[in-house]
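Everything below concerns the one structure shown next.
The values are calculated or read from the model by the stated rules, or taken from the named source; none is laboratory data. The shown structure was predicted, so the numbers you read here are calculated from the model rather than taken from an experiment. Cβ atoms come from the backbone with ideal geometry, glycine included; neighbour counts cover every protein chain shown. Ligands, DNA and RNA are excluded from the accessible area calculation, which covers all protein heavy atoms including side chains. Shrake-Rupley method; radii C 1.70, N 1.55, O 1.52, S 1.80 Å.
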Amino acid sequence: MHYRKIILSVLITCFTTSFAFAQKEALKVVVNNLAFYKQKNDLKYLAAAKKSADSLIITKSDTADIEKNLYRAIVNTSILYIDSLNKLGMPADMLDKTTKLVDRLSGMSKIFKYQSELDYTKRCLANVYIRKGFEAVNNSDFANARTSFENAKKYAPGMNQINTYIAFSNNKAGNLQDAARYYTTMLQVDSARTEYIETASNIYKSLGDTTKALQILQKGRKILPNDRFLLLDEANIYNNKKNYKALEPLIGPLLDINANNADIAFVAANCYDHLDKFDQAESLYLHAIELSGTYFDPVFNLGLLYLKQSSTTKGERSIQDLGRAIQWLEKANEISPNNVNSLQALQLAYAKTNNQDQLDRINNKLKQLTNQ
């Protein structure tokens, strides 16, 4: 299964919030510079706003002033979000310090008076961490990508798409249990996303938990019954587990959407074979051979089917079935001359016909192969 590419979209539009402070005179310079940036789209106004905001924090009492610190957080988070190339030359630790500032503000008892302003800073931080996460993804640094996306989720917990990024990073970093947990959570919110269902199922299969993988596929197919990939995934699990009773109801839909696929025809034939439905198995083995004449498995299995049938029929029909068995088993031997299983089946068939010459030939070939 192919994983689909994650594309980062613009998450917020800057400065759509009206900052409703009871503005003090000392804050007006900051406010004016923010307004000028909005009008002129010139980074120099953000730089001036930062300079003014930083100058407000001088005394110890200033560090406890919610309005002054919140303006500072607004300016810093805006710069971090807007100036992604750091044309203003901000210090490397600005993101860490701003994150701590926003966290500190979040814990202040009267911050509820400025909820929209605080939410704005958090949205900016979430976007910055998402951008850093994708930078890490592009560098195949999936551990740091996961950390960045988790930080983004902290500041934008309602943004469900971030779960996709976290799950993707965990998967790529080899943290399969965490990846599976995130994908399962995502399915509870958006169970109609084929990529989530496929990926979650594949992760559980890689963990050896086919039961969980099957549950996810079954849930997905109730919502998306015509999805060919989910159908094939579920069928593969039943086939690998040799649960042919569960596989049988899927055979019809599988063949409908894969009419010219020799592998699917073989899986279907093999299923009917194990359910002792001779006519369906025979027809589908022949169809698989028609689609791919050098495909060993359907040729060999068809030979075995006739050999088995020859033991349950009588008289002329039994002789005909045995003849067909030899015909297809010899064909299988032509395709894969050193395949021990086909030689052993031929050994049994020639023994039943008392064809000593051919039996000696097969016995000698088997002796050569087993002595190698």
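Taken over the range 156-183, residues that are more than 11 Å from the chain's Cα centre (by Cα) and β-branched (Val, Ile, Thr) amount to 2. Starting from residues that are closer than 25 Å to LYS44 by Cα and hydroxyl-bearing (Ser, Thr, Tyr), keep the ones in the range 57-93 and report whichever is farthest from the chain's Cα centre (by Cα). Taking the candidates together, the pick is TYR71.
The set of residues from the range 201-238 being under 13 Å from ALA180 (Cα atoms), among the small types (Gly, Ala, Ser) and out of contact with any Gly (no Cβ under 9 Å at 6 or more places or on another chain) comprises SER206, GLY208, ALA213.
Here ALA136 meets the list (1) within 30 Å of LEU118 (Cβ to Cβ); (2) modelled with pLDDT under 85 almost entirely, failing just condition (2).
A single entry from ILE58, ILE82 fulfils the requirement of being hydrophobic (A, V, I, L, M, F, W, C), farther than 20 Å from PRO157 by Cβ and in contact (Cβ under 8 Å) with a residue 60 or more places away in the chain: ILE82. Only residues that are touching a residue at least 24 places away in the same chain (Cβ under 8 Å), open to solvent by less than 10 Å² (accessible area, probe 1.4 Å) and among the hydrophobic types (A, V, I, L, M, F, W, C) were counted in the range 157-169, giving 2. Filtered by the rule that a residue be in a helix (DSSP H, G or I) and open to solvent by 30 Å² or more (accessible area, probe 1.4 Å), the range 138-155 gives ASN138, PHE142, ALA143, ASN144, ARG146, THR147, GLU150, ASN151, LYS153, LYS154. Residues in the range 184-240 that are part of a helix (DSSP H, G or I), open to solvent by 40 Å² or more (accessible area, probe 1.4 Å) and among the hydrophobic types (A, V, I, L, M, F, W, C) were compared, and the one that is modelled with the highest pLDDT is LEU232.
For the range 94-148, residues that are over 34 Å from the mean Cα position of the chain (by Cα) and acidic (Asp, Glu) total 1. Checked against the criterion of being open to solvent by 70 Å² or more (accessible area, probe 1.4 Å), of a type in the set (Val, Ile, Thr), under 30 Å from PRO249 (Cβ atoms) and more than 44 Å from the chain's Cα centre (by Cα), the range 311-327 contains one or more residues that satisfy it.
Select from the range 273-310 the residues that are among the acidic types (Asp, Glu) and over 34 Å from the mean Cα position of the chain (by Cα) and write down the one among them that is most open to solvent (accessible area, probe 1.4 Å). Before the answer, list the steps.
If we filter the range 273-310 for residues that are among the acidic types (Asp, Glu), which is where we start, we get 273, 276, 279, 282, 290, 297.
Add one more test, that the residue is over 34 Å from the mean Cα position of the chain (by Cα), and what stays is 276, 279, 282, 290.
Working: ASP276: 121, ASP279: 106, GLU282: 45, GLU290: 145 Å².
Filtering the range 273-310 for residues that are among the acidic types (Asp, Glu) and over 34 Å from the mean Cα position of the chain (by Cα), the one most open to solvent (accessible area, probe 1.4 Å) comes out as GLU290.
For the residues LYS113, LYS100, LYS50, LYS68, the requirement of being assigned to a helix (DSSP H, G or I), under 29 Å from THR164 (Cβ atoms), of a type in the set (D, E, K, R) and open to solvent by 20 Å² or more (accessible area, probe 1.4 Å) singles out LYS100. Annotation: of all residues in the range 116-133 being over 14 Å from TYR81 (Cα atoms) and in contact with a Leu (Cβ under 8 Å, 6 or more places away or on another chain), the one that is modelled with the lowest pLDDT is GLU117.
In the range 170-179, of all residues being closer than 22 Å to PHE134 by Cβ and part of a helix (DSSP H, G or I), the one that is most open to solvent (accessible area, probe 1.4 Å) corresponds to LYS172.
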